[in-house]
1. Expected output is a single nm value to one decimal: the length gained when fully extending between residue B:206 and residue B:152, i.e. 0.36 nm times separation in residues minus the C-alpha distance. What is it?
2. Tell me whether chain A comes out rounded, prolate or oblate; compute the Cα gyration tensor, take square roots of the eigenvalues as a ≥ b ≥ c, and use a/c under 1.5 as the rounded threshold.
3. Quick one: length gained pulling residue B:195 to residue B:67 fully straight, 0.36 nm per residue minus the C-alpha distance?
4. Within chain A, what whole-number % of the accessible surface is contributed by carbon and sulfur, with the 1.4 Å probe and all protein chains included in the calculation?
5. Summing +1 for each Lys or Arg and -1 for each Asp or Glu, what net charge is found among the other residues whose Cβ lies under 13 Å from the Cβ of residue A:433?
6. I need the shape label for segment B:74-308. Rule: rounded when a/c is under 1.5, else prolate if a/b > b/c, else oblate, with a, b, c from the alpha carbon gyration tensor.
7. What's the FRET efficiency of residue B:33 with residue B:295 using the Cβ-Cβ distance as r and R₀ = 22 Å, to the nearest 0.05?
8. Calculate one ³J(HN,Hα) per residue across segment A:30-37 by plugging θ = phi - 60° into the Karplus curve 6.51 cos²θ - 1.76 cosθ + 1.60, and present them in order as whole Hz with x for glycine and proline.
Amino acid sequence: MLKPLIRGSAASGLLVLAALMWQITQAAAWDLQEASKPYSGQTIRMVGEALPPLEALKKMAPEFEKQTGIHVEVEMYEHSEAVNKVQLDLNSHRGRYDVIIQPHRELGKFATNNHLVEIAKMMADPALRDPTFEPEKQLYQTAWHEISWYEGKEYGFPFTVLNMFMWYRSDLLADPKEQAGFKAKYGYDLAPAKDWKQYRDIAEWFYRPDQGFYGTALEGKRHEALWYEWLNFLYSFGGDVLDVKSGSACGPVIVNSPKAVASLEYYKSLLQFSPPDSLNYFWDDVMALMQQAKVAELIMWNDATYAVSVDTTASTVVGKVGFDLVPQGDGGKIGQVEGWTYLIPVYSKNQQAAFLFVQWMMGYDRQLEQHLNGGASGRPDVYASPEVQKLPYAKASMEANEHAVPKATLPQSAEMTDILVRELSSYLAGEKEAQAALDTAATDISTLLGSCAPMTYPAR
Amino acid sequence: MTNRTPSPRGMPLLDRGVGPLLMLPATLLVVVFLVGPFYYMVYTALTDLSFADASHSGSFVGFDNFRKLMRNDPFFWASFLLTLKFVIIAVGLEFLLGFALAFLIFRFVASQRLLTTLLLIPMMIAPIAVGLIWRLLLQGDFGMLTFYMRKVGLLAQNAAVLSAPDLVFPTIVAIDVWQWTPFVTLIMLAGMMSLPRAPFEAAMMDGAKPFQIFRDVMLPLLRPVIALVLLLRGIDAFKEFDKVFLMTGGGPGTLTELVSIYAYRVNFRNWDLGYGAAVAFMIYLVVLILCSVFYKAVYWSSRKPAAAF
């Protein structure tokens, strides 16, 4: 009775062992140099936004070239230019680029127009797939699925997993004189804002224009930056643009809900504590203000934190800035899913070489190096490393990634953004009231998306 | 003396029928870069082509885009009217200042060549550079002009020109005037210098006063030049894009969203190329109509006094 059981167990054990051995052998057998031999001598050209993560990649590329003989060329452009270059290249079917690094909001447009290689096919090819690379275990799953997948299909891997959170001057908030004055005026201790009332109080307290110092700084220019910034307020107040669970889903438009209107009115109320040119600011401007020690708190991107809190050649506030999640409202703890993703166009003539490079870049060592040089990795194990933990923004980044809210990646997402930017900017400029601006935005978005996007809150 | 028929070798090339052949390169250039794209734009305007939406792959939709433009697009018309306002104010000021400057130089300045060379500087700068220069000068925190304007009390301490809803439009007009007034000056000065002396001498002999000579002799004679300069500047101002886009991006709100910026958004942000082509065609059509009406009006009335004279 016992013997068959022992035999069965032994057989299962052997099978598991064999499977493990096979996997280990495979892992040992796969070698980048061997895998890249057929493609040695090819040149892959990639394009992305001119920011530290891409600069870090460019510095690492020669190592890949040395190992594989595949030459890597990197083109770097300003945000909009990097997007427009790719759009034109894809629609011309020219195949200039072998790897495109794009914001994830563009994904639906590219995927539905069949511009992209489905990466799963390459992942299934044992000649190309590095068995030690296991994205389903090694990446932030929500971020990966939102940033690099569309309608259940896998198109790439995150180049950066971006998020916005609160930056504040930790030295000022810890100053006993400021603390005493603040407590006397507001009746509670000065500390990093946990809710929007505290955030406003701190902005008001530190608003000292006669000294060239401001409580906060809004990104109020008619630019995508305005939309991205306001989304933090919208989500935190418990609102959203569409009532859906994932970025690739279409659903009821709720961007003119009472919560959304309240978030927008609150957002504008901060303008009085922001520098006079705030309606002409986007992310570069507010980052420069923080670098020059001219602002007490603001909400900004994680991929800009390096230049403020680590790079002493660019910032006067290294060691004086703290980072935390955006203050909480009815929506609780929030972050926003955003990121740039590696994608391979179907028109590329060097798709396999491109895949090998992307896969190589996703390896732990490269991810760590890129992250330490201003990147924003999609691998939790990178955040867990002691070197990353030392970075002042590591905790806030991780927490924001864990609470990230998806945003639309539908083919019409660029136009949705454009509509919202226009209406938000109109409200800030005093052309409209908050309700009217968001009603117009909701109506236009509903018309744009069609029958899948009815308006939950009719326009007044 | 006998008549000799010249041999074909001795004939000028044009007489040998080579003329049309010599025009071929220029004709080809015009067809490939102007006529062809224009007809393609007209064709695209009749389709639903979109690079964003895969279901809009360029099917023929007749005049749907134009119907939407005429009936359901208040933002197009708002930007169109704003552009007209920009053209009228900017070109009007440029003309008045340019004309006055040209007249002063014509009458009172001896070394005109040096002065005109100096005047040319703003219009020689690329519009992108002009936008960048002014953006920096007017930057709210460290802009040099902002600093001095605040210092002399022209600007409130808590204001910034490009963020102030009531200042931003006048500012873009002023910058256009700064850049293009010298162009008007130059053309008007050339016009003044080429005027015949006889009508002026006749008017003086008849006892006409200086203002009468200016109004009744100089202005009618300059009318074709005025028409030309207004037409050139009008068309150019209607297409204004670079400077304004760089400085304000069309904002705050829609306060500086000129029609060219609107067309850019439709075409290259939203990639709605069918509708974008309709927008572009509409701009072309309106400019064409305005120009021909304006030019005919001025040219026609400029012929009457000339004939009478």
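1. Details: separation 54, 0.36 × 54 = 19.44 nm, distance 5.16 nm.
Stretched fully, the residue B:206-residue B:152 segment lengthens by 14.3 nm.
2. Here chain A falls in the prolate category.
3. Extending this stretch completely gives an extra 41.1 nm.
4. Values: 9780 of 17770 Å².
Carbon plus sulfur share of accessible area: 55 percent.
5. Surrounding charge for residue A:433 is -1.
6. Oblate shape, in that a/c is at least 1.5 and b/c is the bigger or equal ratio.
7. Details: r = 24 Å, r/R0 = 1.10.
For residue B:33 and residue B:295, the calculated efficiency is 0.35.
8. With coefficients 6.51, -1.76 and 1.60, one gets 6, 9, 4, 5, 5, 4, 8, 3 Hz.
The values are calculated or read from the model by the stated rules, or taken from the named source; none is laboratory data. Bear in mind that the values here come from a model prediction, so they are computed numbers and not experimental data. Methodologically, a virtual Cβ is constructed for each residue, glycine included, from the backbone with ideal geometry; neighbour enumeration extends over all protein chains shown. Quick note on the areas: whole protein, heavy atoms, side chains included, nothing else; ligands and nucleic acids left out. Shrake-Rupley method; radii C 1.70, N 1.55, O 1.52, S 1.80 Å.
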